[in-house]
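Visitor: Got a structure for you, questions after.
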Amino acid sequence: MDVAIVGIGMHPFGRHQGVSGRQQGAHAVRAALKDAGVSWADVQFAVGGSHSAGDADSLVSDLGLTALPFVNVYNGCATGGSSLIMADSLIRSGAHDLGIVVGFDKHPRGAFDTDPATLGIGSWYGETGLMLTTQFFGMKAQRYLHDHGIGRSALAKVAAKAYYNGSLNPNAWRRVPMTEEEINGSAMLSHPLTQYMFCSPGEGGVALVLCRGDRAHKYTSRPVYLRSAVLRSRLFGSFEVFSPWLAVERAQSPSEQASRAAFEAAGIGPAEVDLAQVQDTDSGTEISHLAECGLCEHGEQEELLRSGATGLGGRLPVNTDGGCLANGEPIGASGLRQIHENVAQLRGAAGTRQVPGEPKAAFSHVYGAPGVSACTVITT
Amino acid sequence: MSVDPRSSDEKAADVRKHRLIDEGILVEDEDGPRLVGSSCRSCRTTTFPRQEACPKCARVDMADSLLPRRGTLWSFTVQGFRPKPPYAGPGEFVPYGVGYVELPGVVLVEAVLTENDPERLRIGDEMELVLVPLRRDEDGTEILTFAFAPAR
């Protein structure tokens, strides 16, 4: 059985003083219901979560007490992807016909301050100044550029593309284009990555209405089908965030594992997708994740950026809504934002940032601590 | 096995001068500091810090292992802003290097680097383990942690 996405809704990303994360989640749900033309009472199940803005199932207090089963997902950066996988299974199994997935968050300013104990690491790791995701991304970029002969100038090109795309997205946080000079000249946070090469923890909410594929036309004239949704954790030998040590041998990353499995389950290859959203916690990871997800060869990225191939009018537009760099990263909502954007693009409803040529297949990829990746393929 | 060769009296005398941030991960012998990891008796995988079970073969058969002092720089960055608590470094923030050092054939260890100028660091540089001050306790005891320094 196919599973269709028939409604999408979001609360704009950014900073929203006086608006709780839960309110942003409820706003997204109402928008998605309206988009699908259904009411909350029609929804048979819900799955969702946030990392630091409360329990998703408490949204029933605001949305309506209908006794529906509502499962909370608390799975770090893969919260949205994991919620979607659950919803997909619940519909595919025949248990339910119509459900909703929601993710929202609201983080304080500045870098994430994760407690090492939650990952089984001693307090010395935080006290000595090693418990920062930004260091991992700096070291990953340093090693990746070195291994594949990519110049540092590629990093600013990624960020400039993100802020340009964000300027065309009314839901984005950062909507002012920036030059490569401004990006390179901002504060060096974690060499070789400057302030504007990093995304910031932020706020926002996204919801998706899903249903059995054979009922999709009841709700929309432009259904989009979820062909695969896959989650993977670490293999022995992968290089991941918050690792006090690494094995001498290198293994495939969770992103490589999840993307391959997602393409295989969808029955299409990376060359057949018309656009992609990949995790761009920083400029370096957009570059490395493109190749890890099979969307280009290792080392090819500098030429793709130079020629504009990953821009909106290019051969493979990437992070068309501005990605994490322009939208920020509210953990629970971030992966669902990518799917919201892919659905909008496949519907031809992405406004001034619409990818030309009636795109028919789109890919999304999330990566996060402590080494998880969730990937999806959707098609018209 | 005991990983600290000093007698308890020696340790008691020492504590007034300095103490190590965590004696479960780091010890000092006559030649200097050593990191303490675990090595799997079955598949030889080494972890840092110590673990009860092997993350590769999953057997619960790990032995304490003193890691080599020297290795090569595998990747690096420089921490450019003061981390939020629980970071307990000096009151006046100074950017610090962070890197992975490959202890040949054994394990890669993440550590603070004594060098904070990225132009003076290169992947492949020879590095060696040293102790560096992190902060002082209320009673004045200096707390030492480990770092890697460019090898002389």
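Visitor: Counting only other chains, and only Cβ atoms inside 10 Å, what mean value do you get across the residues of B:117-130?
Guide: Counting other chains' Cβ atoms within 10 Å and averaging over B:117-130 gives 1.
Visitor: So what J values fall out for the range B:90-99 if you push phi through Karplus, 6.51 cos²θ - 1.76 cosθ + 1.60 with θ = phi - 60°, rounded to Hz, Gly and Pro as x?
Guide: x, x, 8, 6, 10, x, 10, x, 9, x
Visitor: Return the calculated 222 nm mean residue ellipticity for chain A, to the nearest 500 deg cm²/dmol, obtained by summing -39500 (n - 2.57) across DSSP H runs with n ≥ 4 and dividing by the residue count.
Guide: Working: 12 runs with 128 residues, N = 380.
-10000 deg cm²/dmol, from helical runs alone.
Visitor: Another question, if that's okay. Could you tell me how many degrees, from 0 to 90 and to the nearest 10, lie between the Cα long axis of helix A:79-92 and the main elongation axis, the longest principal axis, of the Cα atoms of chain A?
Guide: Helix A:79-92 sits roughly 40 degrees off the main axis of chain A.
Visitor: Under a point-charge model restricted to the Cβ atoms of Lys and Arg (+1) and Asp and Glu (-1), what is the dipole moment magnitude of the range B:8-150 relative to its Cα centre, in debye to the nearest 20?
Guide: Working: 18 positive and 25 negative charges, 113 e Å.
It comes to approximately 540 debye.
Visitor: Sticking with this structure for a sec: Would you pull out the residues with amide H under 5 Å of B:Y96's amide H, same chain only if 5 or more places away, H placed 1.01 Å from N?
Guide: Amide H to amide H, under 5 Å and 5 or more residues apart or across chains, B:Y96 pairs with B:Q79.
Visitor: For A:K218, give me every one of the lysines with a C-alpha distance below 20 angstrom, ignoring sequence neighbours fewer than eight places off in its own chain.
Guide: Result set, ordered by chain and number: A:K34.
Visitor: Just need the relative contact order of chain A here, percent rounded to a whole number, with Cα pairs under 8 Å and 6+ apart.
Guide: Once divided by the residue count of chain A, the mean separation gives 26 percent.
Visitor: Give me the angle, in degrees from 0 to 90, between the Cα long axis of helix A:133-148 and the longest principal axis of the Cα atoms of chain A, rounded to the nearest 10.
Guide: It is inclined by approximately 60 degrees.
Visitor: Along the positive direction of the dipole of chain A (beta-carbon charges: Lys, Arg +1; Asp, Glu -1; about the Cα centre), which of A:W40, A:I339, A:V366 reaches farthest?
Guide: Of the candidates, A:W40 comes out farthest on the positive side.
Visitor: Applying the Karplus parametrisation 6.51 cos²θ - 1.76 cosθ + 1.60 with θ = phi - 60° to the phi angles of the range A:106-111, what ³J(HN,Hα) value in whole Hz is obtained for each residue in order, glycine and proline being reported as x?
Guide: Result, rounded to whole Hz: 7, 10, x, 5, x, 4.
Visitor: Under 8 Å for C-alpha pairs, at least 6 residues apart: give me the relative contact order for the range B:8-150, rounded to a whole percent.
Guide: 22
Visitor: OK, next. Using a 10 Å cut-off around each Cβ of peptide A:247-253, what is the average number of partner chain Cβ atoms that fall inside?
Guide: Working: counts 8, 10, 2, 0, 0, 0, 0.
That works out to 3 on average.
Visitor: In addition: Using a 10 angstrom cutoff on alpha carbons, build the Gaussian network for chain A and name the most mobile of A:V224, A:V318, A:V176.
Guide: Residue with maximal mean-square fluctuation among A:V224, A:V318, A:V176: A:V176.
Visitor: Another question, if that's okay. Angle, helix A:153-167 long axis vs. longest principal axis of chain A, Cα atoms, 0 to 90°, nearest 10?
Guide: Once rounded, one gets 30 degrees.
Readers should treat all values here as calculations from the given coordinates under stated rules, not as data from a laboratory. Computed from a predicted structure; not experimentally measured. Note that we place each Cβ from the backbone using ideal geometry, even for glycine, and neighbour counts take in every protein chain shown.
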